[in-house]
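S.K.: Please find one structure pasted underneath; my questions will follow.
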Amino acid sequence: MKAATRVFVFAAGAFAAAVLAAADAPREGVASDGAERYHLRYEFSPGEVFRCKVTHLTTVDTKIRDVTETAQTRSVSTKVWKILSVDPAGNVTFTYTVENASMWQQLTGREEIRYDSTQDKEPPDEYRHVAETVGVPLGTITISPSGEILRRENARPQFNPGIGELTIPLPSQPVQIGDSWTREGELPIRLNDGKVKRIKTRHVYQLKKVETGVATIAARTEVLTPVDDPAVQSQLVQRVKRGEVRFDVDAGRVLQQQMDIDATVIGFSGADSMMKYLARLTEESA
């Protein structure tokens, strides 16, 4: 399989990704230094159904030995959280479902491929795995008010390329404008010899402003593990995000987020190879 095709297939399943959830607590206050502080917490009610429209766009240009290919994908889906319960500590348990999905892909020299779960009874082979997951619960998940995943029982295997996460982590303590918080993690990268290299990362969030009850949070991913192999970098850039989140402080949920990737890697498949990766993920509460 050509490198561009591998990147293309990797990006095509990106619709299954996610955010949000739960609990009661004081929203804001004024500290002794006079600065206003905000307690950012996820909050839902038992029986509530939360819907969010997810749009993911990618364009990948690759050049290997003077052969240039362009791979493009677009997916639009609706994710649904059905809130089952909220315990006294504010931890929220919900089922996660992808209600519908519209998918498209185009690779240089090939016919475009389309699938719309609301219209097509028989999906193309490239989207058969998507069709099998639409409309059925993918798992039951419990998260804390700060977005930490406490328990996750997957009903079906899920594919997540890393640009979209189930929740945006929130600080455990009230924060003021300009404050930052972080969460460290790892990204598994498969090497050419089949081994898996784990890359340490840090997700950094900063409260930029709060207007009419909506907090704007800047988000970015930092790579902590030194990486000098272009083949590894070509996979890593697909999973390093930068963007912005709009969070409803009073309602306790994400209203909207946008994450972008714009990266170029030289030498990922030989000295004369190049890959340019562009992606945008947007989510908006329905």
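S.K.: Hey, can you tell me all the residues within the range 60-94 that are among the β-branched types (Val, Ile, Thr) and surrounded by fewer than 17 Cβ atoms within 10 Å (Cβ to Cβ)?
M.R.: If the condition is that a residue be among the β-branched types (Val, Ile, Thr) and surrounded by fewer than 17 Cβ atoms within 10 Å (Cβ to Cβ), then Val67, Thr68, Thr70 are the ones that fit.
S.K.: (1) open to solvent by less than 40 Å² (accessible area, probe 1.4 Å); (2) free of Cβ contacts under 8 Å to residues at least 60 places away in the same chain: which one isn't true of Thr133, the others all being true?
M.R.: Thr133 satisfies every listed condition except (2).
S.K.: Name the one entry in Arg242, Arg220 that is over 25 Å from His39 (Cβ atoms) and within 13 Å of the chain's Cα centre (by Cα).
M.R.: Arg242
S.K.: Can you find a residue that is of a type in the set (S, T, N, Q), under 30 Å from His39 (Cα atoms) and either part of a loop (DSSP other than H, G, I, E, B) or open to solvent by less than 70 Å² (accessible area, probe 1.4 Å) (or both) anywhere in the range 97-105?
M.R.: Yes: the range 97-105 contains one or more residues that are of a type in the set (S, T, N, Q), under 30 Å from His39 (Cα atoms) and either part of a loop (DSSP other than H, G, I, E, B) or open to solvent by less than 70 Å² (accessible area, probe 1.4 Å) (or both).
S.K.: Tell me, yes or no, whether the range 228-240 has at least one residue that is open to solvent by 50 Å² or more (accessible area, probe 1.4 Å), of a type outside the set (A, V, I, L, M, F, W, C) and in a strand (DSSP E or B).
M.R.: no
S.K.: Next up: Could you tell me how many of the residues in the range 139-169 are open to solvent by less than 40 Å² (accessible area, probe 1.4 Å), touching a Lys or Arg at 6+ places or on another chain (Cβ under 8 Å) and modelled with pLDDT of 90 or more?
M.R.: 6
S.K.: Quick one: in the range 109-126, which of the residues that are without any contact (Cβ under 8 Å) to a residue 60 or more places away in the chain and surrounded by 14 or more Cβ atoms within 10 Å (Cβ to Cβ) is nearest to Phe44 (Cα to Cα)?
M.R.: Ser117
S.K.: If you don't mind, there's one more thing I want to ask. Given the structure, is Val76 touching a residue at least 40 places away in the same chain (Cβ under 8 Å), in contact with a His (Cβ under 9 Å, 6 or more places away or on another chain), of a type in the set (A, V, I, L, M) and outside any loop (DSSP other than H, G, I, E, B)?
M.R.: yes
S.K.: Determine whether the range 187-207 contains at least one residue that is more than 24 Å from His56 (Cβ to Cβ), open to solvent by less than 10 Å² (accessible area, probe 1.4 Å), in a strand (DSSP E or B) and among the aliphatic types (A, V, I, L, M).
M.R.: Within the range 187-207, one or more residues are more than 24 Å from His56 (Cβ to Cβ), open to solvent by less than 10 Å² (accessible area, probe 1.4 Å), in a strand (DSSP E or B) and among the aliphatic types (A, V, I, L, M).
S.K.: Now for a different question. Scan Ala279, Ala219 and give me the residue that is of a type in the set (A, V, I, L, M, F, W, C), in contact with a helix residue (DSSP H, G or I) (Cβ under 8 Å, 6 or more places away or on another chain) and either assigned to a strand (DSSP E or B) or under 30 Å from Pro174 (Cβ atoms) (or both).
M.R.: Exactly one residue qualifies, and that residue is Ala279.
The values are calculated or read from the model by the stated rules, or taken from the named source; none is laboratory data. Because the structure is a prediction, the values reported are computed rather than measured. Every residue, glycine as well, gets a Cβ built from its backbone with ideal geometry; the counts of neighbours run over all protein chains shown. Note: accessible area is taken over every heavy atom of the protein model, side chains too, but ligands, DNA and RNA are not part of it. Shrake-Rupley method; radii C 1.70, N 1.55, O 1.52, S 1.80 Å.
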